[in-house]
Amino acid sequence: MRILLLTPRLPWPPRDGGRVAMARLGESLAACGASVEVLSLNPRKHRAAPTGPLPVSAVDIDTDRIIAPVSRALTSDTPYLVARFVSRTFRELLGATLQRFAPDVVQIESPFLLPYAQTVRAQSRARVVLRSLNVEFRIWEGLARTERNPLRRLALSLVAALLRAYELQQMNALDAIVPISRDDAADFLRLGCTRPMHVVPCGIASLPDVDQAPEPGRIVFIGSLDFRPNQQTVSWIVDELWPRVRERAPDAHLAIAGSAPPAWLRDRARERGVELHANVADADAFLRRASVVLAPLFAGGGMRIKVLEAMAHAKPVVATAIGAGGIDVDDGTDILLAEDAPSFADAVVRLLHDPALAARIGAAARAKVVARYDSDALARGLLRFYETL
């Protein structure tokens with residue numbers, strides 16, 4: 001089976017959850033016998049060399065441009081956020097790749113690339129599949145719901161409404177949808193999706209070693225810091241959670257890592273005495289030092305890849321329900337769940353003060369990953385689904 005992946009940024013190097021999810025599934029599909037190629041946009045803020053373990057081609061784009069996307073949004077039903085990813089050069093390269101590679105399946109890795117489905121339909125007999133890491137408009141609805149500034153809340157609500165209309169229009173024009181979580185699959189069904197679906201969570205390619213003892217009192221968060229829900233999360237951690245934890249665990253220290261943190265976030269962390277590591281070179285090494293991993297997300301869907309990786313490292317995770325979304329977890333057994341600052345602080349302090357509990361939850365989390373999240377096994381299931389198409 002020949003599979004062409006269309007990605008909104010290069011999967012390699014896999015420095016954030018989205019790129020990890022794209023890279024890991026592509027590599028596992030190839031390991032299971034498929035012929036896989038990648039055609040990627042290469043946005044300026046995520047610019048990288050088009051290299052990796054799979055054949056990959058890329059087209060540079062600046063998704064911060066305004067005039068052309070606004071014009072396209074005003075003259076079509078494509079929202080501005082989606083129009084930023086439209087490139088004539090990419091469309092031409094896609095057409096040439098379809099003729100040369102003749103894929104059986106074109107797997108689109110983002111709703112922002114759905115405009116290219118028309119090119120696939122016009123120039124190929126390939127099945128067109130959306131691999132959905134999120135129901136995108138739900139992220140913006142969540143951001144609007146928790147925004148305190150009335151004008152910003154109105155703007156975010158408008159963005160969410162436009163994306164909702166676009167995603168609902170597009171979903172039944174596809175041959176199939178591959179959600180990353182059962183919750184997202186159920187959401188698609190409630191929204192009226194009639195296309196075949198097959199849930200494929202992100203998996204773990206190989207288990208990390210756990211022979212390094214954690215640093216006592218080290219609390220960490222890791223995630224893409226140019227992603228709005230993660231920016232909101234970090235603001236909440238340093239403003240609402242961290243003072244409560246530090247009051248009860250004065251020897252604790254907080255470290256935050258992620259790609260492309262904005263200047264205001266750097267300033268906020270410095271003011272609160274929090275370590276901030278931009279573009280951390282080795283995410284595994286960062287996680288290995290942690291005593292507790294935080295995942296207090298309040299907007300979003302899909303699955304937090306860094307939570308899964310923390311579990312693979314046998315780290316105790318404290319998360320909101322959204323932060324743990326998409327992962328099969330049991331509160332109190334392989335994770336601790338909390339929804340507000342006081343209860344979240346209680347859970348963090350409890351783990352810091354009870355290393356035996358932290359070790360027990362971490363061990364159960366790792367066992368869950370071993371049992372249910374092997375990347376190659378998930379890829380084999382996806383190939384069987386593609387055969388039915």
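The values are calculated or read from the model by the stated rules, or taken from the named source; none is laboratory data. This one's a predicted model, so the numbers in the text were calculated from it and none came from an experiment. Don't worry about glycine lacking a Cβ; one is built from the backbone with ideal geometry, like all the others, and counts go over all protein chains shown.
Restricting the first member to the stretch 360-389 and to residues that are over 20 Å from residue 310 (Cα atoms), and the second to residues that are modelled with pLDDT of 95 or more and in a helix (DSSP H, G or I), the beta-carbon pairs closer than 8 Å and six or more apart or on different chains are 379/25; 379/28; 379/29; 379/31; 382/25; 382/29; 383/29. Quick one: in the stretch 71-95, of everything that is among the basic types (Lys, Arg) and in contact (Cβ under 8 Å) with a residue 24 or more places away in the chain, which residue is surrounded by the fewest Cβ atoms within 10 Å (Cβ to Cβ)? Among residues in the stretch 71-95 that are among the basic types (Lys, Arg) and in contact (Cβ under 8 Å) with a residue 24 or more places away in the chain, the one surrounded by the fewest Cβ atoms within 10 Å (Cβ to Cβ) is 91. Taking the stretch 144-158 as the region of interest, how many residues are in a helix (DSSP H, G or I) and either more than 14 Å from residue 297 (Cβ to Cβ) or in contact with a Gly (Cβ under 9 Å, 6 or more places away or on another chain) (or both)? Total meeting the criteria: 10. Going through (1) under 18 Å from the mean Cα position of the chain (by Cα); (2) in the same structural domain as residue 254 (by TED's automatic domain parsing) one by one, residue 346 falls short only on (1). For residue 196, the requirement of being of a type outside the set (D, E, K, R), touching a residue at least 40 places away in the same chain (Cβ under 8 Å) and outside the structural domain of residue 79 (by TED's automatic domain parsing) is not met.
Hey, among the residues in the stretch 360-389 that are of a type in the set (Asp, Glu) and in a helix (DSSP H, G or I), which one's surrounded by the fewest Cβ atoms within 10 Å (Cβ to Cβ)?
Of the stretch 360-389, the ones of a type in the set (Asp, Glu) are 374, 376, 387.
Subset that is in a helix (DSSP H, G or I): 376, 387.
Numbers: 376: 15, 387: 10.
My answer is 387.
All conditions but one from (1) over 30 Å from residue 242 (Cβ atoms); (2) crowded, with 16+ Cβ neighbours inside 10 Å apply to residue 169; the one that does not is (2).
Looking across 300, 323, one residue alone is modelled with pLDDT of 90 or more, of a type outside the set (Phe, Trp, Tyr) and buried (at least 24 other Cβ atoms within 10 Å of the Cβ). It is 323.
Can you tell which of 176, 160, 186 is assigned by TED's automatic domain parsing to the domain that holds residue 107, among the small types (Gly, Ala, Ser), surrounded by 15 or more Cβ atoms within 10 Å (Cβ to Cβ) and free of Cβ contacts under 8 Å to residues at least 40 places away in the same chain? Only one candidate passes the filter, namely 160. In this entry, residue 300 is excluded by the filter for residues that are assigned to a loop (DSSP other than H, G, I, E, B) and over 21 Å from the mean Cα position of the chain (by Cα).
If you scan the stretch 48-70, which residues turn out to be loosely packed, with under 15 Cβ neighbours inside 10 Å and either modelled with pLDDT under 90 or at positive phi (or both)? Passing the criteria: 64, 65, 66, 67, 68, 70. Looking only at the stretch 5-19, residues that are farther than 21 Å from residue 302 by Cα and in contact with a Phe, Trp or Tyr (Cβ under 6 Å, 6 or more places away or on another chain) come to 0 in all. For the stretch 331-349, the set of residues classified as closer than 21 Å to residue 181 by Cα and in contact (Cβ under 8 Å) with a residue 12 or more places away in the chain consists of 333, 334, 335, 336, 337, 338, 339, listed by residue number. Within the stretch 35-47, being within 21 Å of residue 95 (Cα to Cα) and buried (at least 18 other Cβ atoms within 10 Å of the Cβ) holds for 36, 37, 38, 39, 40, 41, 42, 43. The condition (being more than 17 Å from the chain's Cα centre (by Cα), of a type in the set (A, V, I, L, M) and either assigned by TED's automatic domain parsing to the domain that holds residue 144 or surrounded by fewer than 20 Cβ atoms within 10 Å (Cβ to Cβ) (or both)) is satisfied by just one residue among 314, 290, 278, 260: 278.
In this structure, does residue 37 turn out to be assigned to a helix (DSSP H, G or I) and either assigned by TED's automatic domain parsing to the domain that holds residue 180 or under 21 Å from the mean Cα position of the chain (by Cα) (or both)? In short, no.
Checking each residue in the stretch 215-228 for being surrounded by 23 or more Cβ atoms within 10 Å (Cβ to Cβ) and modelled with pLDDT under 95 picks out 222, 223, 225.
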